[in-house]
Each structure stands twice: as structure tokens, then as C-alpha cells.
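To start, the structure under review is shown below, and the notes come after it.
The values are calculated or read from the model by the stated rules, or taken from the named source; none is laboratory data. Here the structure is a predicted model, which is why all the values come from computation and not from measurement. Cβ: placed from backbone, ideal geometry, glycine included. Neighbour counts: every protein chain shown. Note: areas computed on protein heavy atoms with side chains; ligands, DNA, RNA excluded. Shrake-Rupley method; radii C 1.70, N 1.55, O 1.52, S 1.80 Å.
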Amino acid sequence: MGLLMFLVLSTSGCADTPSGPEPAGATDKGRASLDSRTGEGPLKSAPPTGYALRRDKGAVLTDGWVVLYNFGDAPITIMRVRSKFEGHGLRQLGALVAGYGRKFAAEQTIDDYPPRKASLGPLTAAEGYVLPAEEGRPRKKGHELLIGMQVTQAAGRSARSLVEITYSYKGHTYTDEWVNTIAVCSPAKGPSCPQEYGPG
């Protein structure tokens, strides 16, 4: 099954199709539409996305492609963020959130974790982060999830296939998944890394 996939430019220049982030002024006007968001509960994100890159063993990066929205009428508290991997060449280091104080709507691939970029604004630990109630009409900019990962493979290909988020809303606990695939091939020098199309 084909999924909507994006190949965009990473901060280190490893990608097939350039796509710079939109300025905050172009993405933070008005309110987000529910039509283009996915998620079983009131917490929503973008439709399936993905990209591929090459990195050497030991490389650390931050993925910021998941942007969260609260379409409920009460606050949402994130309890856990977990990446699901295919293969054994990647591990999650942690998760942070960049809120409305950031400059861009999303910065997809950032070297290092935690990321050290002024454009992200203040960062908060994802676990315990509260998305406020906005009358079911969240701002278009949303809340950017920043997931740190380390490459543990010297050679080969692994992928992050899903992002699973457990959260509380109105006294109930929900667990939802988003297809956000990152294929990583090692070493850094080599042919284009084959794209990932969701869990195998």
C-alpha cells in the first residue's frame, strides 16, 4: 500500500528533494483543519510521511517531522513517546517538544540530540508535556515533537516505522500511532538509501 511520502532536505544535505521549512508567519495564522489530520483520539498529527538518509555508526540526529494537535475540548498530557524500529541499527535517545515559541513549523532532520538551535525556541520534555485545549481548533503551527535517535549499525539498513504516543485526556489513557518512517543506511557514503513505506 502506497503512502504519502516526502523526501526532504536534511540539515546535513542528505536527501533527494529539497524542501525548506515554512516561516512561522506562513504557518501560524488561523486554525488547523481536522480534515488533513490523523489519529484515533483527540490527539492528531499529519498523514503518513517518511524519508531516507545515510549516517555512520554513532551518529546522533533529531527527527522533527511529527507535529501534534489537540482537537479535543480539554488539555492533553503526553505520557510516553516510543519509536518502533525495523532492524537493529537504531535506538531512541529521548523526546522533546518545541511549542509555539519556535521559528518554523517543522525542522525535519537536525544533527545531534538534544538539538541546539535557537530557531526551535524553548524545549520541554515530551513526557508530561501538556497540549492546551483550544476549543477544538488548535493553531496551525501545532506542537513539534523532537525525537532523538542514534545509529548503532556500522553497515546495513534499519528504519523507524512508527511513532507511538500514550497520552491522557479527560481522565482516560489513549495510545495512538503515526506512520512516520525514517530509513537509515550505513555507512554515510554510499548509494541512495531505499525508502521505507511503513511497518513490514
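Brief remarks on what is shown
- Under-5 Å amide H pairs with residue 54, H placed in peptide plane, nonlocal only: 185
- Amide H contacts under 5 Å for residue 134: none, restricted to partners 5 or more places along the chain or on a different chain, H placed in the peptide plane at 1.01 Å from N.
- Along segment 118-134 the Karplus relation, 6.51 cos²θ - 1.76 cosθ + 1.60 evaluated at θ = phi - 60°, assigns HN-Hα couplings of 4, 5, 7, x, x, 10, 10, 4, 5, 6, x, 5, 10, 8, x, 6, 10 Hz to successive residues, with x for each Gly and Pro.
- Sorting 133-139, 53-59 by their mean Cβ neighbour count within 10 Å, with the most densely packed peptide first, gives 53-59, 133-139.
- In Å², nearest 10: area of residue 107 left accessible to a 1.4 Å probe: 10 Å²
- FRET efficiency estimate (nearest 0.05) - Cβ-Cβ, residue 73 to residue 124, R0 25 angstrom: 0.65
- Centre separation in Å (Cα based) which lies between segment 155-200 and segment 49-74: 8 Å
- Per-residue HN-Hα couplings for segment 174-188 [Karplus 6.51, -1.76, 1.60; θ = phi - 60°; Hz; x = Gly/Pro]: 10, 10, 10, 10, 10, 7, 9, 9, 10, 8, 10, 10, 10, x, 5
- Spin-label pair residue 170/residue 93, simplified geometry with 7 Å Cα→Cβ offset, distance in nm: 3.9 nm
- Entries in 44/170; 57/103; 84/170; 84/189 that, when Cα-Cα distance is taken, lie over 21 Å: 57/103; 84/170; 84/189
- Electrostatic bookkeeping for residue 38 treats Lys and Arg as +1 and Asp and Glu as -1; over the other residues with beta carbon under 11 Å from its beta carbon, the sum is -2.
- Heavy-atom surface of segment 128-200, accessible at 1.4 Å and reported per residue (Å²): 41 Å²
- Exposure ranking of 88, 143, 172 by accessible area [1.4 Å probe, largest first]: 88, 172, 143
- Projected label distance in nm at residue 40 and residue 116, using a 7 Å step from Cα toward the beta-carbon: 4.1 nm
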